[in-house]
Amino acid sequence: MENRSFARMGRTVGVIGLGAWQLGADWGSVSEDDALATLGAAVDAGVTFIDTADVYGDGRSEQVIGTFIRDKPQLTVATKMGRRLPQEPGNYTLDNFRAWTDRSRANLAVDTLDLVQLHCPPTPVFSTEAVYDALDTLVQEKRIAAYGVSVEKVDEALAAIARPGTASVQIILNALRLKPLEQVLPAAAAAGVGIIARVPLASGLLSGRYDEHTTFSADDHRTYNRHGEAFDIGETFSGVDFGTGLEAVRRLLPHVPAEATMAQFALRWIIDQPAVTVVIPGARNADQARANAAAAALAPLSAEAHEAVRSVYAELIRPQVHDRW
């Protein structure tokens, strides 16, 4: 698998990683055995970067990963913090950061966390000097090796990229969410900040497996957060209306190479953006993990395929979501 660099971390990782939200909660039930098998299959296929958060299953995702990584120092594990308290800027303090990272260190069974990201905090947090001072302190104390941010909005990403200690920005980027290509990716590349592309399959929409009759379980956010009832609507289907997303996929399917699935096409489109460091598709089982990783072996998509993505976005998606994030 191709490796790309987190320049400010001094690390390289496989360009396809694993998002581990589903190993904790909010995607239906995943047993511990299935979670460990998923992690194993991903790593066997070349994945070296795993992304989780302290709130995924109230720490379950971190704990499962902690069990898995004990004898695998080659892996980079990124976690996130900040959503264990009400989303108020005043809660982003050094004392809370210490408590949150100590909990994650215990869950992951490590002395120093590889990468800790602020987990989509309130917008004012991104321009608060004391927040970055506190993060720098965590690095000095060796609680964490590096820090980054997970964002909802382009302006939040640009504010974080401008800070000299920011190692990474995690942002929603997929064939239904093109806005980060305009400013965020060029700014990150110029600054040496890594880009972690999340929600790469638009919560499964870009897998090509869904239609108008698809339903999801009651404990799946694709059921209970379609209108942003629980958290930012952009995290569910990238904020795109489900029917519109289905139509977008139908228009893109003719451009999928014969040797690829729709999901692999969607992942390859992201990898084709040179400023992306790693893309983090989720997987609920070993087969999905292997199929996701295999997208890295595909040839770059054709110019015609890239133009199709731009055209579908401009016609169907941009009027819905472009100015929201």
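The values are calculated or read from the model by the stated rules, or taken from the named source; none is laboratory data. Quantities reported herein were computed from a predicted structural model and do not represent experimental measurements. Methodologically, a virtual Cβ is constructed for each residue, glycine included, from the backbone with ideal geometry; neighbour enumeration extends over all protein chains shown. The accessibility values were calculated without ligands, DNA or RNA, using every heavy atom of the protein model including side chains. Shrake-Rupley method; radii C 1.70, N 1.55, O 1.52, S 1.80 Å.
DSSP loop (so not H, G, I, E, B), at most 15 other Cβ within 10 Å: list which trypsin sites (Lys or Arg not before Pro) in segment 1-79 pass both filters. For trypsin sites (Lys or Arg not before Pro) across segment 1-79 that sit outside H, G, I, E and B with at most 15 neighbouring Cβ atoms in 10 Å, the list reads 70. Averaged per residue, segment 3-130 has 39 square angstrom of accessible surface, using a 1.4 angstrom probe with ligands and nucleic acids left out. Candidates 233, 253, 266 compared by Cα position along the dipole of segment 225-278: farthest toward the positive end lies 253, with charges placed on Cβ.
Between the helical axis of 129-140 and the dominant principal axis of the chain, each derived from Cα atoms, what acute angle in degrees is found, rounded to the nearest 10? For 129-140 against the chain, the angle is about 70 degrees.
The angle between the Cα long axis of helix 303-312 and the longest principal axis of the Cα atoms of the chain comes to about 80 degrees, rounded to the nearest 10. Normalising the average separation of contacting C-alpha pairs (under 8 angstrom, six or more residues apart) by the number of residues puts the relative contact order of the chain at 22 percent. Peptides 232-242, 246-256, 143-153, ordered by how many other C-beta atoms sit within 10 Å of their residues on average, highest first, read 143-153, 232-242, 246-256.
If the chain linking residue 304 and residue 323 were pulled fully straight, counting 0.36 nm for each residue of separation and taking away their Cα-Cα distance, it would gain 4.2 nm.
Straight-distance candidates among the lysines for linking to residue 142, with alpha-carbon spacing under 23 Å and chain neighbours fewer than 8 residues away dropped: 72, 80. Averaging the Cα positions of each part gives two centres, and for segment 1-47 and segment 288-318 these lie 20 Å apart. Out of these labelled values of percent of Cα pairs over 37 Å apart, [x] 9; [y] 14; [z] 21, which was calculated from the coordinates shown here? Here percent of Cα pairs over 37 Å apart agrees with entry [x]. Rounded to the nearest 5, what % of the DSSP beta bridges within segment 1-116 are antiparallel ones? Expressed as a percentage, antiparallel bridges in segment 1-116 total about 35.
When you restrict to C-alpha pairs under 8 Å that are six or more residues apart and normalise by the size of segment 41-139, the relative contact order lands at 31 percent. Under the convention that each Lys and Arg Cβ holds +1 and each Asp and Glu Cβ holds -1, the size of the dipole of the chain around its Cα centre is about 460 debye. Across the options 173, 138, 109, the greatest Cα extent toward the positive end of the charge dipole of segment 26-173 (unit charges at beta carbon of Lys, Arg, Asp, Glu) belongs to 138. Placing unit charges on the Cβ atoms only, positive for Lys and Arg and negative for Asp and Glu, gives segment 136-186 a dipole magnitude near 120 debye about its Cα centre. Once you reduce segment 140-214 and segment 250-274 to the center of their Cα atoms, the two points are 19 Å from each other. With +1 on each Lys and Arg Cβ and -1 on each Asp and Glu Cβ, and nothing else charged, work out how big the dipole of segment 196-253 is about its Cα centre, in Debye to the nearest 20. Dipole about the Cα centre, nearest 20: 260 debye. The angle between the Cα long axis of helix 32-44 and the main principal axis of the chain comes to about 80°, on a 0 to 90 degree scale.
Using a probe radius of 1.4 angstrom, the carbon and sulfur fraction of the accessible surface of the chain is 49%.
Rounded if a/c is under 1.5, else prolate if a/b beats b/c, else oblate: with a ≥ b ≥ c from the C-alpha gyration tensor eigenvalues square-rooted, which is segment 49-156? Verdict is prolate for segment 49-156. By the rule of a C-alpha distance below 18 Å, with chain neighbours fewer than 8 residues away ignored, the aspartates and glutamates paired with residue 153 are 88, 182, 232, 235, 323.
Its relative contact order, with pairs defined as Cα atoms under 8 Å and 6+ residues apart, puts segment 224-325 at 31 percent. The DSSP beta bridges internal to the chain are antiparallel in roughly 20% of cases.
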